[in-house]
Amino acid sequence: MKKISVVFALALAACGHNSGSSEFTQHQSEDAAASASVPALVAFGATQIARADADVIEPRELAGITPPVSDVDEPAAI
């Protein structure tokens, strides 16, 4: 259930429009969601690739994302 809510939060953050909130805050929430688990990180990447405006926007800074590491989880299928 936790994985689903993280992926949902990531998708929601990626789809929202800017209604007065700063872009920095949106990126912080996306970074936190992507750092939560491997499936969330994969979903973040897929969302960024699938953006309709991906060819015309500036590259997004990824410094705030810390890839999750686990010694017990199986590698993610990409």
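The values are calculated or read from the model by the stated rules, or taken from the named source; none is laboratory data. Just so it is clear, the structure is predicted and the values come from calculations on it, not from any experiment. Reconstructed Cβ throughout: ideal geometry from the backbone, glycine too, with neighbour counts over all protein chains shown.
Answer yes if at least one residue in segment 28-36 is surrounded by 10 or more Cβ atoms within 10 Å (Cβ to Cβ) and at pLDDT below 90, and no otherwise. Spell out the reasoning first.
Going residue by residue through segment 28-36, those that are surrounded by 10 or more Cβ atoms within 10 Å (Cβ to Cβ) are 28-36.
Next cut, at pLDDT below 90 only: none.
No, the conditions are met nowhere in segment 28-36.
Starting from segment 47-74, keep only residues that are in contact (Cβ under 8 Å) with a residue 12 or more places away in the chain and over 14 Å from Glu30 (Cβ atoms), then list their pairs with residues that are hydroxyl-bearing (Ser, Thr, Tyr) and in a loop (DSSP other than H, G, I, E, B) whose Cβ atoms are within a distance under 9 Å, requiring at least 6 positions of separation or different chains.
Listed pairs, sorted by first residue: Pro68/Ser37; Ser70/Ser37; Asp73/Ser37.
Each row is one residue, and each column tells you yes or no for (1) modelled with pLDDT under 85; (2) in a helix (DSSP H, G or I).
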residue	(1), (2)
Ile4	yes, yes
Val7	yes, yes
Ala13	yes, yes
Gly20	yes, no
Ala40	no, yes
Ala43	no, yes
Ala54	yes, no
Ile57	no, no
Pro68	no, no
